[in-house]
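The values are calculated or read from the model by the stated rules, or taken from the named source; none is laboratory data. Small disclaimer: the values here were computed from a predicted structure and weren't measured. All Cβ positions, glycine included, derive from the backbone under ideal geometry; neighbour counts span all protein chains shown.
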Amino acid sequence: MTALIKFFQTTTFRLSMTYFALFGAAATVAIAYIYWNTTILLSRQLEQTIQAEIQGLQEQYKQGGMAQLAATVAERSQTPGNSLYLVTDSRARHIAGNLQKVSPELWSTVGRVEFVYRRPAEGGPEKRLAFASVFRLPGGFRLIVGRDIEDRREFGRIISSTVLWGLGVMAILGIGGGYLVSRNLLSRIEAVTATSRTIMSGDLTGRVPISGSGDELDRLSQSLNDMLDRIEQLMNGLREVSDNIAHDLKTPLNRLRNRVEGALRDPSGEAAYREALERTIEEADDLIRTFNALLSIARLEAGAAGKTLEDVDLALVVKDVAELYEPLAEEQGLTLSVDAPDGVMLVGDRQLLGQALANLIDNAIKYGAPVAKPREAKSDILDDISVYVRHCGEIAEIAVEDHGVGIPAQERDRVLKRFVRLEASRSRPGSGLGLSLAAAVAHLHNGEIRLEDNQPGLKVVLGLPLKQGGLSLELNNRASA
């Protein structure tokens, strides 16, 4: 009973019943209109036929009196058809015509009238409906001129029966079709409901089943599954970030605490306190930078950044960032070259693009120094670090190349995640967020980041769309609002 009540409460069933009611009403009105117009047409034709009969008989009466009228009626009564005639004397005795007997009430009527008469048939006399005009003639004679309209009454019965049977069949088909459609739709909605309950219980692996029909419910299910994939990815990322924060930030926080405790126990006094505080401030600044980078990545992935949209000349961005890092590269004994032709334009956030490029160059300076390279072999490599811009169809590529140890192919996807640092780089300062931030900036601009082998070294490529809409449509809409 509960399932039946739920079925009757479904939107699909209510819509099916609404469509059935509307279609039934429209069909009834259409049939009634056809019947009404057909009846009017038949009535008009009947009137015209009777009127023509009356005029002909009137002329015969004027020419030869009652005798010629009776003879004409007798002659016409022999012709098969639906015409009805009757001529009687003052005592209602039959003189001529194919009507043998009528009800006494009919003689008291003058003008147009409908009446029932009997006609011989194979199974015995049958009652039929007629329409006639009744006339009283001089001398007590009476004349009836009419037509059999039983077929018209039968036509009305057929129309009524058709309407009733048609509505009945439509009701059966409507209810049956509504039941089948509602049951199918209800089963698919129940599948979505079951999936949502699975997810609410904490199992993020649940997905809405897809029937494969490609209809709107399949498209909705696919969109929901894509959304669930994204939610699961974000939740996994959140758990991973939480684990990484607990693991990677625990060490510097413990170091801060131990340093402060050591300073408090140091008998040297003010000098020891000052040194401990200065080193504490440095490490606190590193922690603040790490948390700022995490916040930036979170904002980028959530689409809350990138609101400052403008036409960006990538050549200017690359040259400005490279100029900023050239002194640092020289301090490390590295050469930094730039190849950025003018005119490579896109719509984006200049500051975020510059920050992403700065992270890539900073990583190249830290980890991209040539390994044990003899000075005489330096001619084989033009520059230690190269930054260039290329126009590839509808994509602009910013590449940073170095000749260091590189990153193994199996680790390249992993290092794009937050707090991931390879063993070779753990001895150097850093938080493992530089490539994650660059990847988030690329994703915000609907682009991609690729890590490739530079033979030797690493090549990092930012691929960004050149068209307007390089940033997501949502961000463009927010910026224009």
Sole exception among (1) within 21 Å of Asn254 (Cβ to Cβ); (2) modelled with pLDDT of 75 or more; (3) among the basic types (Lys, Arg) for Arg289, by number
(2)
Return a yes/no flag: does segment 447-469 have any residue that is within 25 Å of Gly343 (Cα to Cα), surrounded by fewer than 17 Cβ atoms within 10 Å (Cβ to Cβ) and modelled with pLDDT of 85 or more.
yes
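Conditions (1) exposed (fewer than 13 other Cβ atoms within 10 Å of the Cβ); (2) within 60 Å of the chain's Cα centre (by Cα), marked per residue:
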site	(1), (2)
Arg76	no, no
Thr79	yes, no
Leu86	no, no
Ile95	no, no
Glu126	yes, no
Leu137	no, no
Ile149	no, yes
Ile158	yes, yes
Ser161	yes, yes
Would a scan of segment 186-203 turn up a residue that is touching a residue at least 24 places away in the same chain (Cβ under 8 Å), closer than 30 Å to Ala27 by Cα and surrounded by 16 or more Cβ atoms within 10 Å (Cβ to Cβ)?
yes
Is it the case that Val338 is touching a helix residue (DSSP H, G or I) at 6+ places or on another chain (Cβ under 8 Å), modelled with pLDDT of 80 or more, aliphatic (A, V, I, L, M) and in a helix (DSSP H, G or I)?
no
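Inspect segment 32-43 for any residue being over 30 Å from Val169 (Cβ atoms) and surrounded by 11 or more Cβ atoms within 10 Å (Cβ to Cβ) and give the result as yes or no.
Restricting attention to segment 32-43, the residues satisfying the condition of being over 30 Å from Val169 (Cβ atoms) are 43.
Narrowing the set further to residues that are surrounded by 11 or more Cβ atoms within 10 Å (Cβ to Cβ) leaves 43.
Yes, because at least one residue in segment 32-43 is over 30 Å from Val169 (Cβ atoms) and surrounded by 11 or more Cβ atoms within 10 Å (Cβ to Cβ).
Just to confirm my filter: which strands (runs of 3 or more DSSP E) fall fully inside segment 63-154 and include at least 3 residues that are among the basic types (Lys, Arg)?
Details: elements: 83-88, 94-96, 111-119, 126-136, 142-148.
Strands (runs of 3 or more DSSP E) meeting the threshold: 111-119, 126-136.
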Give the number of residues within segment 144-192 that are within 21 Å of Val116 (Cβ to Cβ) and touching a Leu at 6+ places or on another chain (Cβ under 7 Å).
9
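Do you know which residues across segment 28-74 are within 60 Å of the chain's Cα centre (by Cα) and closer than 20 Å to Ser133 by Cα? I'd like the intermediate steps shown before the answer.
Initially, segment 28-74 is screened for residues within 60 Å of the chain's Cα centre (by Cα), giving 28-46.
Matches in segment 28-74: Thr39, Ile40, Leu41, Leu42, Ser43, Arg44, Gln45, Leu46.
Yes/no per residue for (1) assigned by TED's automatic domain parsing to the domain that holds Gly139; (2) of a type in the set (Gly, Ala, Ser); (3) in contact (Cβ under 8 Å) with a residue 24 or more places away in the chain:
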{"position": "Phe23", "(1), (2), (3)": "yes, no, yes"}
{"position": "Ala26", "(1), (2), (3)": "yes, yes, no"}
{"position": "Asn37", "(1), (2), (3)": "yes, no, no"}
{"position": "Val116", "(1), (2), (3)": "yes, no, no"}
Which is in contact with a helix residue (DSSP H, G or I) (Cβ under 7 Å, 6 or more places away or on another chain), under 22 Å from Arg152 (Cβ atoms) and β-branched (Val, Ile, Thr), of Ile40, Ile31, Ile54?
Ile31
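If you go through segment 200-235 one residue at a time, how many are assigned to a loop (DSSP other than H, G, I, E, B) and over 18 Å from Arg188 (Cα atoms)?
Of the residues in segment 200-235, the ones assigned to a loop (DSSP other than H, G, I, E, B) are 201-215.
So of that shortlist, the ones also over 18 Å from Arg188 (Cα atoms) come out as 201-205.
Of the residues in that region, 5 qualify.
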What residue, of Ser90, Ser16, Ser83, is at pLDDT below 85, in contact with a strand residue (DSSP E or B) (Cβ under 9 Å, 6 or more places away or on another chain) and not aromatic (Phe, Trp, Tyr)?
Ser90
